[in-house]
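Structure, as structure tokens:
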Amino acid sequence: KDDALHKDLTRQMEAAAAETRFEQAAVMRDRIQALNTVRERQKIISTEETDQDIIGLVRQGPDACIQLFFIRRGRLLGRESFFFDRLVGESDGEVLSAFVRQFYARSVVPAPELLLSTEIAESPLVLEGLRARRGGRVELHAPQLGRRRELVEMAEENAALALQSHL
């Protein structure tokens with residue numbers, strides 16, 4: 001809702017300046033600058049105003065990193081890295097399944113769409129838990145082509161960099 005907020009703050013600043021309330025106009029100007037700073041940090045990922053959580057997994061030997069991107073209204077609002085060591089015998093799908101179940105069991109509400117590096121184990125059971133947590137529709141996708149796959153690859157590249165730095 002930052003566009004509406006920007007317009008409202010600009011209107012307030014102009015009204016204050018027109019009424020020679022320059023201190024109030026300066027406060028509004030500072031708020032507009034702060035809003036612009038926040039907007040610049042939010043990388044626009046998509047022209048569609050979609051909400052997605054993108055989960056990329058990379059492994060190096062027994063170590064792994066999962067990078068989670070939070071996309072809201074087409075903008076990257078945040079990301080987190082999670083590191084795992086001594087992963088032996090678990091498939092990527094099993095690791096992702098366990099991660100998704102544990103991460104969203106906390107007070108985190110999933111986006112309506114989760115994009116994953118690979119298909120997860122026990123996906124009907126995981127979906128049931130995610131939908132209950134969200135209180136609505138949730139879809140899991142492991143895209144192979146297209147824009148969605150590019151987003152997953154971006155998460156995987158970030159995970160690879162984070163894991164390299166971590167090791």
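The values are calculated or read from the model by the stated rules, or taken from the named source; none is laboratory data. In this text, all values refer to a predicted model and were calculated from it rather than measured experimentally. Note that we place each Cβ from the backbone using ideal geometry, even for glycine, and neighbour counts take in every protein chain shown. Just the protein is used for accessible areas: all its heavy atoms, side chains included, with ligands, DNA and RNA removed. Shrake-Rupley method; radii C 1.70, N 1.55, O 1.52, S 1.80 Å.
Derived scalar couplings between HN and Hα for the stretch 3-12 equal 5, 5, 5, 4, 4, 5, 5, 5, 4, 5 Hz in order, rounded to whole Hz, by the Karplus curve 6.51 cos²θ - 1.76 cosθ + 1.60 (θ = phi - 60°), x for Gly and Pro. Highest-first packing order for the peptide set 131-137, 53-59, 12-18, 114-120 is 53-59, 114-120, 12-18, 131-137, based on the mean count of other beta carbon atoms within 10 Å. The convex hull built on the alpha-carbon positions of the chain has an orientation-averaged projected area of 12.1 nm².
Just the accessible area per residue of the chain, please: how many Å² with a 1.4 Å probe? Heavy-atom accessible area per residue stands at 59 Å². Phi angles of the stretch 105-114 translate, via the Karplus equation with coefficients 6.51, -1.76, 1.60 and θ = phi - 60°, into HN-Hα couplings of 6, 6, 7, 8, 9, x, 5, x, 9, 10 Hz per residue; Gly and Pro are given as x. Estimated from helical segments only, the mean residue ellipticity of the chain at 222 nm is -17000 deg cm²/dmol, where each DSSP H run of four or more residues counts as -39500 (n - 2.57). Each Cα pair under 8 Å and six or more residues apart adds its sequence gap; the mean of these over the residue count of the chain is a relative contact order of 21 percent. From the Cα gyration tensor of the stretch 93-160, with a ≥ b ≥ c the square roots of its eigenvalues, which class applies: rounded if a/c is under 1.5, or else prolate if a/b is larger than b/c, or else oblate? It comes out prolate by the Cα gyration axes.
Put a plus charge on the Cβ of each Lys and Arg, a minus charge on the Cβ of each Asp and Glu, and nothing anywhere else: the dipole of the stretch 12-167 about its Cα centre is then about 440 debye.
Comparing mean-square fluctuations of V138, V109, V88 from a GNM of the chain with C-alpha springs under 10 Å, the top value falls on V88.
Using a probe of 1.4 angstrom, how much of the accessible area of the chain is carbon and sulfur, in percent? C and S atoms contribute 51 percent here.
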